[in-house]
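Trainee: My questions all concern the structure below.
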Amino acid sequence: MKSIAISGSPRENVGKRDAKELRYQGLVPAVLYGGATQTHFAVSAADLRAVIYTPVVHFIDIEVAGKKTQAIIKDTQFHPLTEQLLHIDFLELDQNKPVTIEIPVKLTGTSPGVKVGGKLVQKLRKLRVKALPKDHLDNIEVSIEELEVGKSVRVGDIKIPNLTITNAQEDTIVSVTTSRALRQAEQESRGK
């Protein structure tokens, strides 16, 4: 999985007034959890754009006061009106502990059901995956080569070594449904 490096500066004061002052300076208050202690720091909002506003999942190499840590984004808070990033939480990664991350689904191939006029419906765009950090993938490829009209690929159909998908096994990832045009063509052929 790809990594992006960001650096932050330690926060002396933790509170609403301090957080507001940081945001005014173009910084975002942040917390790093999961280690021996919590680390409160501030990071540039511009540095976070490449991490937050992308469908790609990244590990983040954070450097605060000379200490480097590999982490993932655990939570973000946005202003409800301006959509300004208000706060971000990171979870420190331990290479020996499994971590759950939402990984994007990438559809591959061409569905024969779509070729005959069916409609491709993707219900899940991300899957929750639990694995050791070294085993995580950039995306989960789901082949639609076998999808005929009325067929689907469910979470239980996906098997990847060293990964556990925690979504419900019966959840549909992608399916091919009968389109209005295909239904109309079938009714016209029956009527003849």
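Trainee: So in segment 14-60, with the set limited to residues that are open to solvent by 40 Å² or more (accessible area, probe 1.4 Å) and touching a helix residue (DSSP H, G or I) at 6+ places or on another chain (Cβ under 9 Å), which one is nearest to residue 100 (Cα to Cα)?
Mentor: By that ranking, first place goes to 27.
Trainee: Another question, if that's okay. Look through segment 69-108, keep the residues that are basic (Lys, Arg) and part of a strand (DSSP E or B), and return whichever of them is most open to solvent (accessible area, probe 1.4 Å).
Mentor: Selected residue: 74.
Trainee: Name the residues in segment 118-155 that are closer than 26 Å to residue 179 by Cβ, open to solvent by 40 Å² or more (accessible area, probe 1.4 Å) and part of a loop (DSSP other than H, G, I, E, B), would you?
Mentor: Result: 123, 125, 145, 146, 148, 149, 150, 151.
Trainee: Collect the residues in segment 56-112 that are among the polar types (S, T, N, Q) and within 15 Å of the chain's Cα centre (by Cα), keeping them in residue-number order.
Mentor: Hits for segment 56-112 are 76, 100.
Trainee: Of all residues in segment 42-72, how many are over 25 Å from residue 13 (Cα atoms) and β-branched (Val, Ile, Thr)?
Mentor: Of the residues in that region, 5 qualify.
Trainee: Condition first: free of Cβ contacts under 8 Å to residues at least 60 places away in the same chain and either within 15 Å of the chain's Cα centre (by Cα) or at positive phi (or both). Can you find one or more residues in segment 166-177 that meet it?
Mentor: The answer is yes, given that some residue of segment 166-177 is free of Cβ contacts under 8 Å to residues at least 60 places away in the same chain and either within 15 Å of the chain's Cα centre (by Cα) or at positive phi (or both).
Trainee: Of the conditions (1) out of contact with any strand residue (DSSP E or B) (no Cβ under 9 Å at 6 or more places or on another chain); (2) more than 30 Å from residue 25 (Cβ to Cβ); (3) in contact (Cβ under 8 Å) with a residue 12 or more places away in the chain, residue 115 clears all except one; give me its number.
Mentor: (3)
Trainee: Hey, can you tell me all the residues within segment 156-192 that are among the hydrophobic types (A, V, I, L, M, F, W, C) and part of a helix (DSSP H, G or I)?
Mentor: 181, 182, 185, listed by residue number.
Trainee: Another question, then. Is it the case that residue 173 is over 30 Å from residue 95 (Cα atoms), in contact with a Leu (Cβ under 7 Å, 6 or more places away or on another chain) and open to solvent by less than 70 Å² (accessible area, probe 1.4 Å)?
Mentor: When the stated conditions are applied, residue 173 does not pass them.
Trainee: Working carefully through the options 69, 76, 82, find the one that is free of Cβ contacts under 8 Å to residues at least 24 places away in the same chain, of a type in the set (Val, Ile, Thr) and within 20 Å of residue 29 (Cβ to Cβ).
Mentor: Of the residues listed, the single one that is free of Cβ contacts under 8 Å to residues at least 24 places away in the same chain, of a type in the set (Val, Ile, Thr) and within 20 Å of residue 29 (Cβ to Cβ) is 82.
Residues checked against (1) within 21 Å of the chain's Cα centre (by Cα); (2) touching a residue at least 12 places away in the same chain (Cβ under 8 Å); (3) within 15 Å of residue 92 (Cβ to Cβ); (4) part of a helix (DSSP H, G or I):
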{"position": "8", "(1), (2), (3), (4)": "no, yes, yes, no"}
{"position": "13", "(1), (2), (3), (4)": "no, no, no, no"}
{"position": "17", "(1), (2), (3), (4)": "no, no, no, yes"}
{"position": "23", "(1), (2), (3), (4)": "no, yes, no, yes"}
{"position": "31", "(1), (2), (3), (4)": "yes, yes, yes, no"}
{"position": "35", "(1), (2), (3), (4)": "no, yes, yes, no"}
{"position": "42", "(1), (2), (3), (4)": "no, yes, no, no"}
{"position": "47", "(1), (2), (3), (4)": "yes, yes, no, yes"}
{"position": "54", "(1), (2), (3), (4)": "yes, no, no, no"}
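The values are calculated or read from the model by the stated rules, or taken from the named source; none is laboratory data. Predicted, not measured: the structure shown is a model, and the values here were computed from it. For neighbour counting, all protein chains shown are included, and Cβ atoms are generated from backbone atoms with ideal geometry for every residue, glycine included. Please note that ligands, DNA and RNA were not included when accessible areas were found on the heavy atoms of the full protein model with its side chains. Shrake-Rupley method; radii C 1.70, N 1.55, O 1.52, S 1.80 Å.
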